[in-house]
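Read through the structure below, which is laid out as structure tokens, and then see the notes.
Values in this text are rule-based calculations from the coordinates and carry no lab data. Quantities reported herein were computed from a predicted structural model and do not represent experimental measurements. Backbone-built Cβ (ideal geometry, glycine too); neighbour counts: all protein chains shown.
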Amino acid sequence: MYVRDAKNRDEAWLLDAIEQLGLDDVAFRSRDYVIAVDEESGDRAGFGRLRLHRGGEDAENRIEVTGIGVLPEWRGRGVGAHVVERLVDTAATDRFETVYVLTDQPEYLTQFGFEEVATDDLPEALSDRIAEKREFLGGGVVGLRLAVDEFEMPDRFREAFKKAEPAEAAADTTESPEDFGIDPDEATYKYDTGR
């Protein structure tokens, strides 16, 4: 497994995965994303993005880690942790000292060193965005922040990521006429040819 920057050819896959996982795609730009990829099969396993919030005349720019998603068959294998790590590293490279997250699942991110921030203490652009996210996710969204040099990756995620493989595919869910209350031996059809 490895995490790389998204390419233009990833755009359709990203949009499908975002929709499948029910994540927001506000101001979508594929170049803002990173993608976790299985190096043997080339399968994409997870993704996340950095979203820049420009400050006003007197305010500085802020960076948000958002859109973190891991496909169900890849969960529990350190994929999300490595996506977050790559995003934090990218923010540090871009000379941001702090990253922010607005999430309804803060317990996942606090294990990396993120700390909760009161809504009133969020920078202006992010306090506006938290209202949008609360509307989209139905409430329960909190703000978190992390100094980029304080990110911590628990060893269990590193080990899981080294040997990550997708979970077995779910059993075949082919539907039969009986699933719809139809007895195939007794049913007649409008265009029945009598065969």
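Taking every DSSP beta bridge that has both residues in the chain, what percent is antiparallel when rounded to the nearest 5?
Values: 25 of 26 bridges.
The answer is about 95 percent antiparallel.
Highest GNM mean-square fluctuation, the chain, Cα pairs closer than 10 Å: which of R77, R29, R156?
Residue with maximal mean-square fluctuation among R77, R29, R156: R156.
Please check: in the Gaussian network model of the chain (C-alpha springs, under 10 Å), which one of A160, A17, A81 has the largest mean-square fluctuation.
Sorting by GNM fluctuation, first place goes to A160.
By counting other Cβ atoms within 10 Å of each Cβ, how are R49, R95, R158 ranked from fewest to most?
R95, R158, R49
Please list, or write none, the aspartates and glutamates whose alpha carbon is within less than 15 Å of the alpha carbon of K163, excluding same-chain residues fewer than 8 places away.
D38, E39, E40, D43, E73, D155
Would you please give the FRET efficiency between S176 and D94, computed as 1/(1 + (r/R0)^6) with r the Cβ-Cβ distance and R0 = 45 Å, to the nearest 0.05?
Details: r = 54 Å, r/R0 = 1.20.
E(calc), rounded to 0.05, equals 0.25.
I'd like the GluC sites (Glu not before Pro) in the range 41-124 restricted to DSSP loop residues with at most 12 other Cβ atoms within 10 Å, sorted by number. Provide the component values of the computation, followed by the final result.
Values: sites: E57, E60, E64, E73, E85, E97, E107, E115, E116, E124; in loops: E57, E60, E97.
Passing both the DSSP loop test and the Cβ count: E57, E60, E97.
Using Stokes-Einstein with the Kirkwood hydrodynamic radius over Cα pairs, what translational diffusion coefficient do you get for the chain at 4 °C and a viscosity of 1.567 mPa s, in µm²/s rounded to a whole number?
D, rounded to a whole number, is 69 µm²/s.
Springs between alpha-carbon pairs under 10 angstrom, Gaussian network model over the chain: which of T103, T93, T119 fluctuates most?
Top of the fluctuation ranking is T93.
What list do you get for L122, L15 if you sort them by fewest beta carbons within 10 Å? Mind dumping the intermediate values first?
Numbers: L122 20, L15 13.
So the ranking, lowest neighbour count to highest, is L15, L122.
Could you work out the local net charge near W13, counting Lys and Arg as +1, Asp and Glu as -1, over the other residues with Cβ closer than 12 Å to its Cβ?
Working: positive: K7, R9, R44; negative: D10, E11, D16, E19, D43.
Here the count lands on -2.
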